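Participant: My structure is below; once you've seen it, I'll send some questions.
The values are calculated or read from the model by the stated rules, or taken from the named source; none is laboratory data. Bear in mind that the values here come from a model prediction, so they are computed numbers and not experimental data. Just the protein is used for accessible areas: all its heavy atoms, side chains included, with ligands, DNA and RNA removed. Shrake-Rupley method; radii C 1.70, N 1.55, O 1.52, S 1.80 Å.
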Amino acid sequence: MTRLVILPGWLEKYRRMADGMSWFSTLHQLVQHSAKACPSQVAISGPDGEYTYHEADQWANRVAHALILNGVKKGDRVGVHLERGAKPLILFQGILRVGAIYVPIDSKTPIHGVSEIISNCSPYAIFTTQSLSQAIAQVCTSEIKYFMPRLGSDDIFSWSDLNTQSSEDIHGLASIDEHDPAYILYTSGSTGKPKGVCLSHKNALSFVYWAADITHASNQHIFANHAAFSFGISVYDIYVPFLVGAKLVVTPGRVALSGKLMTEFIAKENVTHWYSVPTAVLLMMEYENFFESARKHIKTMMFAGEPFAKSQVNRLRKNLPGVQIINFYGATETNVSCYHEINDEIPDSLPATPIGKAACSDEIWIDNQGEDPDLNTGELLIKGPTVMLGYWGGELIRDRIYRSKDIVRRDSDGVFHYIGRTDRIVKIKGYRVALSEIEQTIFRHPNIREAVVSLEGDGLNAKLVGYVTLKDPNSIPGLMELKKLCADYLAPYKIIHKINFLPRFPLNANGKVDIAALVSGGK
């Protein structure tokens, strides 16, 4: 049984060039256009330098010429394995102009994880550093051309040689279609093994045009990039400013996990548009000057990637009047497929922040496989222009349906609410239990900052164990107090047996809570 929701055709709206905005079919056309429209405007600023649109366009052309000189062709994969900064974004542009597919590899990815990525996508070349290339060579036998800052041998092309390349546009190459693959983002998902999510130019642009409209983006705004380039959230940060000819500032790595430094970064750079995982927002909310600073600078704040406790969202809404606040929902495989703009306080009747309605002309519906008498609850399925071509190494097809493995509920107004993951549905005493439902209930306690629940043990020894961090560490709620809270809202078999209080949750490379590390560390 399914329930289908189709939103109006945002994509077609932009194909008609509404509001005078040009339609582009490939991602690299955005910078090319902005280089003509506003050449002296700063395009990218990072810890490794600053580039105007004119400069970014010229350097991207030099990269493209260098790739062609070294045999890179349309459809080849080219890795970028570097520290955060402006240069990787220019490299992406150059790679796209050849019709090749860029593969961002986070510099903090363990070397064996890098080896798995390389084995999966077989890149023709990798932009990296001398030390990183040596580490890769020790664990990977693939034949790869390395592009590095300094010439290391006859078969290695140096970045320093880029300035000898032409800055003119590339001509005479095979045409690049909107359905061609543009980039591959690697995600471990629930398997722990990297999976290459392959996305086309159209997949990305369908989101970028929609997001630029919904967040009122203009060339007067300043966008921050907080997420790793290998994380789907970064697609907004990179391409929305390129579309409108705005400035993008890349946060240095040391800033990304400090609430104080992120707040100071927003003030220093006068950031108007901020998009990150909720954990990063929570870190900033702990800093005493955050709300005062955000009120002065931020116009739009977006978050996605993990649930955000309703109480914290309400606190954000209350303290940032006039700021647009949006909860984006979507996997790497679909970018953003749902959104909910938070205009008012989320009422007590709702256990969590809604994920809202369909975005980007995507179609979303529920498949409950007949297991639930409530036909409005089940797994969320997605089809539309933002849905990936497929996983690299498998069949790449357009117009596929993506099964999210997320359990959602649709209310009478057509608004979707996230309940939990199918891979976080457990059985205890014969009952199916969504761990996130218990987490959302624990969040109702006024002093709970973060909460994760796991099922530990098996059979008759299976117990629900909670892990929490507190807003005020000097006021610790007792186990019986939290048990009673669960009992007020949940069935008896969903009441936690044990609670662990922690000062901080461990985070993964994308800044999200690392549940596996949290649970294993708490045992």
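Participant: Run the reach check for K357 against lysines, Cα to Cα strictly under 19 Å, same-chain hits fewer than 8 apart removed. What comes back?
Facilitator: K13, K310, K383, K405
Participant: Can you pull the percent of the chain's accessible area that's carbon plus sulfur, 1.4 Å probe, other chains left in place?
Facilitator: On the chain, the fraction of accessible area on carbon and sulfur atoms equals 50 percent.
Participant: When the helix-only estimate is applied to the chain (DSSP H runs of n ≥ 4, each -39,500 (n - 2.57), divided by the residue count), what is the mean residue ellipticity at 222 nm, nearest 500 deg cm²/dmol?
Facilitator: Theoretical 222 nm ellipticity from helices: -8500 deg cm²/dmol.
Participant: Write down the radius of gyration of the range 33-157 and its Dmax, each obtained from C-alpha positions, in Å.
Facilitator: Radius of gyration, then largest Cα-Cα span, for the range 33-157: 14.7, 46 Å.
Participant: Additional query: Counting only DSSP beta bridges with both residues in the chain, what percent are antiparallel, rounded to the nearest 5?
Facilitator: Percent antiparallel among DSSP bridges in the chain is about 60.
Participant: Taking 0.36 nm per intervening residue step and subtracting the Cα-Cα distance, what contour gain separates D169 from A516 on full extension?
Facilitator: Using 0.36 nm per residue and subtracting the Cα-Cα distance, I get 120.2 nm.
Participant: I'd like the projected area of the chain, averaged over all directions, using the convex hull of its alpha carbons. Report it in nm² with one decimal.
Facilitator: 24.6
Participant: Right, here's the next one. Under a no-solvent Debye model with one identical scatterer per Cα of the range 35-85, what's log10 I(q)/I(0) at q = 0.14 Å⁻¹?
Facilitator: For the range 35-85, the Cα-only Debye profile gives -0.48.
Participant: Does anyone have the angle between helix 234-244 and the longest principal axis of the chain? Alpha-carbon axes, 0 to 90°, nearest 10?
Facilitator: That works out to roughly 50 degrees.
Participant: Pop out the Kirkwood hydrodynamic radius of the range 446-523 from its pairwise C-alpha distances, inverse of mean 1/r, in Å to one decimal.
Facilitator: Kirkwood radius, the range 446-523: 13.4 Å.
Participant: Show me the three semi-axes of the equivalent ellipsoid for the range 247-354, from the C-alpha gyration tensor (sqrt of 5 times each eigenvalue), largest first, rounded to whole Å.
Facilitator: For the range 247-354, the semi-axes come out at 22, 17, 13 Å.
Participant: Further question: Calculate I(q)/I(0) for the range 272-410 by the Debye formula, one identical point scatterer on each C-alpha and no solvent, and give its log10 at q = 0.12, 0.19 Å⁻¹ to two decimals.
Facilitator: Each listed q corresponds, in turn, to -0.56, -1.11.
Participant: Determine the distance separating the Cα centre of the range 455-523 from the Cα centre of the range 318-389; give it in Å without decimals.
Facilitator: Each part reduced to its Cα centre gives a spacing of 25 Å.
Participant: State the dimensionless ratio Rg/Rh of the range 182-315 (Rg: radius of gyration of Cα atoms; Rh: Kirkwood radius).
Facilitator: Reported Rg/Rh (Cα atoms, Kirkwood Rh): 0.97.
Participant: Which ³J(HN,Hα) values, rounded to whole Hz and listed in residue order, are derived for the range 197-204 from phi using the Karplus coefficients 6.51, -1.76 and 1.60 in 6.51 cos²θ - 1.76 cosθ + 1.60 with θ = phi - 60°, glycine and proline given as x?
Facilitator: 7, 9, 10, 8, 4, 5, 3, 6
Participant: Per residue, how many Å² of accessible area does the chain show with a 1.4 Å probe?
Facilitator: 42
Participant: Rg and Dmax of the range 484-523 over Cα atoms: what are they, in angstrom?
Facilitator: 13.4, 37
Participant: Grab the range 188-269 and count how many Lys pairs have their alpha-carbon atoms under 30 Å apart, sequence gap of 8 or more, or different chains.
Facilitator: Final tally of qualifying lysine pairs is 5.
Participant: Report relative contact order for the chain in percent, whole number only (criteria: Cα-Cα under 8 Å, sequence separation at least 6).
Facilitator: Relative contact order of the chain: 12 percent.
Participant: By how many degrees, 0 to 90 and rounded to 10, does the Cα axis of helix 53-69 deviate from the longest principal axis of the chain?
Facilitator: The angle comes out near 70 degrees.
Participant: Normalise the Debye intensity by I(0) for the range 390-512, one equal point scatterer per Cα, no solvent, then take log10 at q = 0.19, 0.20 Å⁻¹ and round to two decimals.
Facilitator: Reported log10 I(q)/I(0), two decimals: -1.12, -1.19.
Participant: I've got another one for you. Can you run phi through the Karplus equation (6.51, -1.76, 1.60; θ = phi - 60°) for the range 39-44 and list ³J(HN,Hα) in whole Hz, with x for Gly and Pro?
Facilitator: x, 8, 5, 5, 8, 9
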